[in-house]
Amino acid sequence: MSFISKPVVHHPQLGHNDLGLTRRDYEGPISTLCAGCGHDSVSAAIVQACAELSIPPHRFAKVSGIGCSSKTPSYFLGNSHGLNSVHGRMPSVTTGANLANRSLHCIGISGDGDTASIGLGQFAHIVRRRVNMLYIVDNNGTYGLTKGQFSATNDKGSTNKKGLPNLHEPIDLVSMALQIGATFVARSFSGDKRQLVPLIRAGLLHEGFAFIDVVSPCVAFNNHAGSTKSYEYVRGHRDDVVMADFVPTHEEITADYAPGEREDVLMPDGSTLRLRKLEETYDPRDRTKALNYVHDKTLQGEVVTGLLYIDPDASDCHAMLNTVAEPLNSLGEAELCPGSEALDAINASFR
Amino acid sequence: MKPTNVFDPNYFHKVVDCQWACPAHTPVPEYIRLIAQQRYTEAYMLNWDSNVFPGILGRTCDRPCEPACRRVRTEEKPVAICRLKRVAADHKGDITPYLPRVPTRKNGKRVALLGAGPASLAVARDLLPLGYEVHVFDKDPGAGGMMRTQIPAFRLPIEVLEEEVDLIMDMGVQGHFNYTIDSMRDMLDQGFDAYFIGTGAPRGRDLPNLPGRVESGAHISIGIDWLSSVAFGHTTSISGKVIVMGGGNTAMDCCRTSMRLGAEEVTVVVRSGFDVMKASEWEKEDTIGEGIPIVNNRPPIKFVHENGKLKGVLFQCIEQVADENGRLESVPTGEPDVFMEADHVLMAIGQENHCPWIERDIGIEFDQWDCPILNEETLQSTNPKVFFGGDSAFGPENIIWASAHAHRAAISMHLFCQGEDLLSARPPEGVNLISQKMGMHEWAYDSAHDPAQRFIVPKADQKVALSNIKVEVELGFDEELGLKEAQRCLNCDVQTVFTENLCIECDACVDICPMDCITFTDNGEESDLRGRLTAPASNLEQDLYVSDELKTGRVMVKDEDVCVHCGLCAERCPTNAWDMQKSIFHIPQLGSSST
């Protein structure tokens, strides 16, 4: 880790967002992860995306589990709410946070171990429950914190640092999320901010559960020739299907694309998500086709990236549960404790 | 763009803005680091090596380094480089063990240095260790030239001057003082092997045709001549109302000296506007700070006199208006002319080099502006035996330029005396790059960025200072302030060096860089690349560092403009593709303590 702090000085022409803040105001302290860790790039992408959205830093809640990935919330959004929770239990804690205060933007950070091993059950159920959050998995296919064992997302046949192959089938989190009904599913690569930043912005504004699986190489234990999650392998085997560009509310849509090449999706806040199809036959609104496409490409050793599926008309768990529109902490005593008569009425309705 | 060649001595030299801007290319960051380590003697010697007069320059330098300082671009105020130089001089220990040794057995060549100012003294210092017999000729009773005669004692105490001048004289210079040179032909007849003319720009400009100039001549002095007579004790007082005409540093010295010699009222009147005055920013500040008004946009019309006594000066009122090309033009405002009372006028409106004693038929040719025709690289005149340097070469500059010229001329004179070619045999420039990595995250330099503001140099009590011309106004940084100010240096000489074949393009450097200097992108023409970097590279004076093609076909582009050399790119680089390497530039020079 670095012992000096990142200088507070910044580029004299560094831009300000609508709140008058710079990107640097969305940073956290300097990372203690290994130099070159993909997770740090994901953190940088989150910083950039949040700054671009002009949401005040204190309107975010960042929650994580255990692992290298789950350390990263310390290194971005230094002025937001956060909880580094229990291994694999980030979804539960985030659900609680979101139910209590629906006005916060929840960012859940997890890793392949935290989500695909110990937390697999939690992951499946938060997808089903459609908690309004952005769920990011920093996926490096290895247990870096315990020195490089294969994780559950490591591809079969991929080797460890010493050259021994992985014998187990991998869990593909993207396919799983698609299967269980996630309404925003994307995969990206920590080394490509041009793709990742718009996806994070879109995921944060998506009304419902947004999932981004980010291949984020582990430089210490899984960045060698036999790995399928190394910088070099991912760069060489990427299949970008849909680019998601973000058009803020106040900007006019002017670019001209040939028909069929692009599709505009209106986001809940009035901004536009412009989908540019890089693969002509791909349809990011068709869940089944998306599943099949990802499956086929995975068999060919390709890493499909981009916005794989979106349901722009999705709703979240608050809508399903018909909860109050305001955050609980803004309610007065009368609303929170309506008295014994109200309780009696509820009890009576069950008789 | 083509990949940058970091082994071109000029590439990284330009990144060290202060050193690049210094005519003598003083290794500024290196000596500031030595100050930070309280190694004042070494810091002093490093200075002495390249600029010859650290104590003098630490008080009087024109500081071309400071406006160039990277801090100006990142955080407004430059490092107080000049005053740190003085810290090194004030706190140094015994330097004698570090001085170059002068051989007692001479090499048989004799050189004559005309004028005993900074240029000649620096040439003497460079040539003496090589065994030359060095003779210096000057009309004044002692060495120092304009440093002695034109810089008042309240800016440069005589002890500081004499210490550094005597250091060189004691190396074995044969001084010929009170020696008026009236014929270069006679000098040439004395049969020296080479001649160096460092006689400066000794003639102050006058306004001989301004009405009343002749009639009131007794009350009008030329600024530099007057300062010189103050320096030698011929003038000890000035009375009544004084007008100083001119807007350069000499004008500032004249008015401040007048205040100390008893003038009742002193006013500086300048032909041009305040912002375009030639005087250094800090000289203007000090002048105003001493309560001396500066009146701008007032060209003189005539000297008003009565019965041979000066009454004052009549000035026109103008304003400066930018024409279509943005050039400032003086336009009368139409206001009535202004009369200002004066008992004495000091004219500090410029200087000229003036060599009436050089006959025009001895092979030394002059151009239409009466400047000698020189080879700019070798400083050799059209008479191969004669070399020029300092103000006498290309017109009035300053002490640091005199040192720089002297190094160049000394090499030329040496090569000339040894019968070698002045251009092809010159020692080449070079650069060494030395890794500063000491451990995983440890560097041989203090890499952390200090956001402190520039510290202010303490000054003497104004009442005391104004009462005595010998009281130095600036007290200099004490040790504590000096150490604090030294921390502000960004160590621009510790370079970010990139090795393409080690890079895995993980973006760690891009993410950590506080100044958004680094971009990985497709290659292109410079103008195109500059526009599409992480932060647009709009400062065209600063280079782009471009790598060779990487595995993905992209290139690494680093904008050198606002890099704070914090080394975080190298710290966060998993493969050491980035390394922090100290650049040491080899600027050709003779007889320094390092050669």
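No lab work stands behind these numbers, since they all come straight from the coordinates. Nothing here was measured: the structure is a model prediction, and the numbers come from that model. Cβ atoms come from the backbone with ideal geometry, glycine included; neighbour counts cover every protein chain shown.
Below are the figures for this structure:
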{"quantity": "Dipole magnitude of the protein assembly as shown about its Cα centre (Cβ charges: Lys, Arg +1; Asp, Glu -1), debye to nearest 20", "calculated": "1980"}
{"quantity": "Cα gyration tensor shape for segment B:205-349, rounded if a/c is under 1.5, else prolate or oblate", "calculated": "oblate"}
{"quantity": "Segment A:31-86-segment B:217-284 distance, computed between alpha-carbon centres (Å)", "calculated": "63"}
{"quantity": "Whole-angstrom gap from segment B:353-390 to segment A:296-351, using each part's C-alpha centre", "calculated": "90"}
{"quantity": "Cα-based shape type of chain A, given that a ≥ b ≥ c are square roots of the gyration tensor eigenvalues and the cut on a/c is 1.5", "calculated": "rounded"}
{"quantity": "Alpha carbon centroid spacing (whole Å) that separates segment B:393-449 from segment A:221-244", "calculated": "49"}
{"quantity": "Gaussian network model of chain A, Cα within-10 Å springs - most flexible of A:Ser117, A:Ser64, A:Ser330", "calculated": "A:Ser330"}
{"quantity": "Tensor-based shape of the protein assembly as shown (alpha-carbon gyration tensor, a/c under 1.5 rounded, otherwise prolate or oblate)", "calculated": "prolate"}
{"quantity": "Residues of segment B:422-452 with amide N under 20 Å of the 7 Å Cα→Cβ point at B:Glu480", "calculated": "B:451-452"}
{"quantity": "Helix-only [θ]222 nm of chain B, DSSP H runs n ≥ 4, -39500 (n - 2.57) each, per residue, nearest 500", "calculated": "-8000 deg cm²/dmol"}
{"quantity": "Dipole of chain B [Lys/Arg +1, Asp/Glu -1 at C-beta], most positive-end residue of B:Phe416, B:Gly117, B:His565", "calculated": "B:Gly117"}
{"quantity": "Cross-link reach list, lysines versus B:Lys109, counting only Cα pairs under 16 Å and skipping chain neighbours closer than eight places", "calculated": "B:Lys385"}
{"quantity": "In segment B:2-90, the chymotrypsin sites (Phe, Trp or Tyr not before Pro) that fall in loop regions by DSSP, at most 11 other Cβ within 10 Å", "calculated": "B:Phe7"}
{"quantity": "Sites B:Asp275 and B:Met440, calculated FRET efficiency, Cβ-Cβ separation with R0 60 Å, nearest 0.05", "calculated": "0.75"}
{"quantity": "Chain B: relative contact order as a whole-number percent, Cα under 8 Å and 6+ apart", "calculated": "18"}
{"quantity": "Proximal aspartates and glutamates relative to B:Lys92, as straight alpha-carbon distance under 14 Å, when same-chain residues fewer than 8 apart are discounted", "calculated": "B:Glu42, B:Glu163, B:Glu164, B:Asp478, B:Glu479"}
{"quantity": "Potential lengthening between B:Val295 and B:Asn107 on full extension [0.36 nm per residue; Cα-Cα distance subtracted]", "calculated": "62.0 nm"}
{"quantity": "Helix-only [θ]222 nm of chain A, DSSP H runs n ≥ 4, -39500 (n - 2.57) each, per residue, nearest 500", "calculated": "-8500 deg cm²/dmol"}
{"quantity": "Hits among aspartates and glutamates - C-alpha to C-alpha of B:Lys106 under 17 Å, sequence gap 8 or more where chains match", "calculated": "B:Asp126, B:Glu133, B:Asp170, B:Asp193"}
